[in-house]
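Worksheet for the structure shown next.
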Amino acid sequence: MPEQPPPRDLPTRITISAAALAVLTLKLLAPQRVDITAAALLLLGLVPWMSTILTSVDTAAGGFVLREIRRTQDSHQHEIDRMKFLFEHLVPAEELRHLQQLANDTPLPYDRSYTRPLLDAELRRLAGVGLIARKSGKSFSSMGDSGDVREHFVITDAGQTYLQILQTFRSSPSR
């Protein structure tokens, strides 16, 4: 079995154990018999070291594997962090603004000479990933020189879900 490096919390473990054993020693030196307090102090002195010895706990209700739970938690947190990164960077800021305006039914005016060339590309990307959809009978060519994007596009269920998940990620504290 490979030798493991000393735990990072070694000073804390030693302090807790030493304090509990010192109080236990004083208790045992007193002219009283060993009681529940002495047993509790002995247990308290051993607890910091149990994680290095025990890999699982069996109880009347069932058992569980301590180290495996910690590894699984770390793995899940890593996956959540990766998903959060992907969600926050999937849709560029301007496209996200369009998506939010469609979701909130906020006017999204366009003008062929200024916003239209960029807007077409942004709307095509949002439609391409399924976050928005063209309204029935509408197309890019039917948009005309100016108007409101809401007359031609709607946010999809996937778009609504994306915004909800993004909001959840942004409101949750980072690790």
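Please specify each residue of segment 82-104 satisfying the condition of being within 19 Å of E151 (Cβ to Cβ) and touching a helix residue (DSSP H, G or I) at 6+ places or on another chain (Cβ under 7 Å). Quick ask: steps written out before the conclusion?
Pass one, segment 82-104, residues within 19 Å of E151 (Cβ to Cβ): 95, 97-104.
E95, H98, L99, Q100, L102, A103, listed by residue number.
List the pairs whose first member sits in segment 153-174 and is open to solvent by 50 Å² or more (accessible area, probe 1.4 Å), whose second member is in a strand (DSSP E or B), and whose Cβ atoms are under 6 Å apart, counting only residues at least 6 apart or on separate chains?
Every condition considered, the pairs that remain are V154/A133.
All but one of (1) closer than 21 Å to L90 by Cβ; (2) in contact with an Asp or Glu (Cβ under 6 Å, 6 or more places away or on another chain) hold for S146; state the number of the condition that does not hold.
Of the numbered conditions (1) closer than 21 Å to L90 by Cβ; (2) in contact with an Asp or Glu (Cβ under 6 Å, 6 or more places away or on another chain), the odd one out for S146 is (1).
Across segment 134-167, what is the number of residues that are under 27 Å from F85 (Cβ atoms) and not in a helix (DSSP H, G or I)?
Of the residues in that region, 2 qualify.
Got a number for residues in segment 106-141 being of a type in the set (D, E, K, R), open to solvent by 90 Å² or more (accessible area, probe 1.4 Å) and over 21 Å from G159 (Cα atoms)?
Qualifying residue count for the region: 1.
Answer with yes or no whether E94 is at pLDDT 85 or above, among the acidic types (D, E) and surrounded by fewer than 17 Cβ atoms within 10 Å (Cβ to Cβ).
Yes: the conditions hold for E94.
The values are calculated or read from the model by the stated rules, or taken from the named source; none is laboratory data. Remember, it's a predicted structure, so these values are computed and weren't measured experimentally. Don't worry about glycine lacking a Cβ; one is built from the backbone with ideal geometry, like all the others, and counts go over all protein chains shown. All accessible areas refer to the heavy atoms of the entire protein, side chains included, with ligands and DNA or RNA removed. Shrake-Rupley method; radii C 1.70, N 1.55, O 1.52, S 1.80 Å.
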